[in-house]
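Here's the structure we're looking at; comments come further down.
The values are calculated or read from the model by the stated rules, or taken from the named source; none is laboratory data. These figures come from a predicted structure and were not determined experimentally. Here the Cβ is made from the backbone with ideal geometry for all residues, glycine too, and neighbour counts use every protein chain on show.
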Amino acid sequence: MSFLLNAWYVAAFADELNGATPLARTLLERPIVLYRDAKGQACALDDRCAHRFAPLSSGRVVDGVLESPSHGLRFDGSGRCVHNPHGDGRVPAQAQVRTYPVLERFGAIWFWPGDPQCADRARLAGFDFVDPATHFTHHGYLKTRAHYQLSADNLLDLSHFQFLHPDTLGSEAIARSDVQAGSLGETVWVRRSVFKETLQPFVANGFGVPAGSCVDRWMDVKWTPPGLLTIVVGVTAEGTPRESGRIAPSAHWLTPETARTTHYFFAFGLPTAMGDAGRELVRYAVEGLMRPFEREDLPMLEAQQARIGDTDFWDARPALLPIDRGAIRARRIMEGLITAEREGRAPGNAGEGHDRRTIGIRSAFEVS
Ligand code: FES
Ligand SMILES: [Fe+2]
């Protein structure tokens, strides 16, 4: 299984890292240890001590450096051994652990598994609406035993709401939606408009519309490599313009753990200017969605993965529908990027062509 290496991936939520305990996480089939140094900067290292290969994540953070659990060598955020408690204390030259470029943005710790020279922070997609400095945010996490691209397919095709989430997110009107899909550079978008819809109570409550009333709902999905999605949902009174209703933007970040397992990070954010109502709404959204995500999406994705096993997606010959257009475009873009990277073409240019504009809080993805 090959992954795109020259790209930013979410390794953890920022609040998962404290100053005392290292965090072990397998990312793109690599055991990684994450911790904060004495300045609070997040660091990512191979989770393998340079001495006799103990998992550094089983050690502890001492004065901002990572102490191996086995014989106490200590490594700083550059991977250099800075302390040897044995004998004369000399440090052998090869006492060095591989490190990875790290960024802390949008409430998350991002890591770059590829060539460190290419790790440009300007290549990080924009998710300002979950920036904790300016927004109330709330987040959730699920480990999914399925390929990350299956999760992306699921998020790029929200027609599944009607059948998989009939009691929470779905309605009979969804299959009659107007759906448009397209791409700009390496960005894929899918815009779905549902008309004359009666929402389930969970969604109606979240958007502050009376239960049983007839509304229009729109759902815009934007995808950028390697698996970073923004979904904006808006609800308006029937027949009124998009701008007139309330919206709920959410971030969905897919990081491969292995070829068949995925870290699924998601977060909602609303401007702090909304006051307590915004704080409450993002909590309501995440806590309410955990149930259908955990009980419906996750088992379905895992069952799909189990059915196709190790068979390549295309070799399984999926019978594609127009609703798959966005997901297929995203797959083709990833295949192109991975192939180019493997063949050494356009090295380090995986992020070029991203539509980096963060969503306008009213108009979602104007990509023309
Ligand atoms: S294995 Fe880490 S100090 Fe020996
Ligand atoms: Fe779902």
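Considering only residues that are surrounded by fewer than 20 Cβ atoms within 10 Å (Cβ to Cβ), farther than 21 Å from V203 by Cα and in contact with a Ser or Thr (Cβ under 8 Å, 6 or more places away or on another chain), which ones fall in region 132-185?
Once the filter is applied, which keeps residues that are surrounded by fewer than 20 Cβ atoms within 10 Å (Cβ to Cβ), farther than 21 Å from V203 by Cα and in contact with a Ser or Thr (Cβ under 8 Å, 6 or more places away or on another chain), region 132-185 yields T134, K143, R145.
Just to be sure, is P101 buried (at least 18 other Cβ atoms within 10 Å of the Cβ), within 18 Å of the chain's Cα centre (by Cα) and free of Cβ contacts under 8 Å to residues at least 60 places away in the same chain? Break it down stepwise before answering.
Values: buried (at least 18 other Cβ atoms within 10 Å of the Cβ): yes; within 18 Å of the chain's Cα centre (by Cα): yes; free of Cβ contacts under 8 Å to residues at least 60 places away in the same chain: yes.
Taking the combined requirement at face value, the residue satisfies it.
Are any of the residues in region 121-141 within 16 Å of ligand 2 (Cβ to nearest atom), touching a residue at least 40 places away in the same chain (Cβ under 8 Å) and not assigned by TED's automatic domain parsing to the domain that holds R25? Don't jump to the end; show me each part of the working.
Narrowing region 121-141 to residues within 16 Å of ligand 2 (Cβ to nearest atom): 140-141.
After this cut, where a residue has to be touching a residue at least 40 places away in the same chain (Cβ under 8 Å) as well, the list is 140-141.
Imposing the further condition that a residue be not assigned by TED's automatic domain parsing to the domain that holds R25 reduces the set to 140-141.
So far as region 121-141 goes, yes, one or more of its residues are within 16 Å of ligand 2 (Cβ to nearest atom), touching a residue at least 40 places away in the same chain (Cβ under 8 Å) and not assigned by TED's automatic domain parsing to the domain that holds R25.
Being under 28 Å from L337 (Cβ atoms), part of a helix (DSSP H, G or I), away from ligand 2 (no atom under 16 Å from the Cβ) and of a type outside the set (G, A, S): is that true of Q117 here? So that I can check it myself, show each step before the final result.
Values: under 28 Å from L337 (Cβ atoms): yes; part of a helix (DSSP H, G or I): yes; away from ligand 2 (no atom under 16 Å from the Cβ): yes; of a type outside the set (G, A, S): yes.
Judged against the criteria, Q117 is a match.
Please give the strands (runs of 3 or more DSSP E) falling wholly within region 1-67 in which 1 or more residues are out of contact with any Phe, Trp or Tyr (no Cβ under 7 Å at 6 or more places or on another chain), basic (K, R) and outside the structural domain of T255 (by TED's automatic domain parsing).
23-27, 30-36, 60-62
Among the numbered conditions (1) under 14 Å from the mean Cα position of the chain (by Cα); (2) within 16 Å of ligand 2 (Cβ to nearest atom), tell me where I109 comes up short.
With (1) under 14 Å from the mean Cα position of the chain (by Cα); (2) within 16 Å of ligand 2 (Cβ to nearest atom) applied to I109, the lone miss is (2).
Of all residues being aliphatic (A, V, I, L, M) and modelled with pLDDT under 50 in region 312-368, which is nearest to H147 (Cα to Cα)? Just the residue, please.
Going through the qualifying residues, I end up with A350.
For region 151-185, how many residues meet the condition of being among the hydrophobic types (A, V, I, L, M, F, W, C), under 14 Å from L199 (Cβ atoms) and more than 9 Å from ligand 2 (Cβ to nearest atom)?
2
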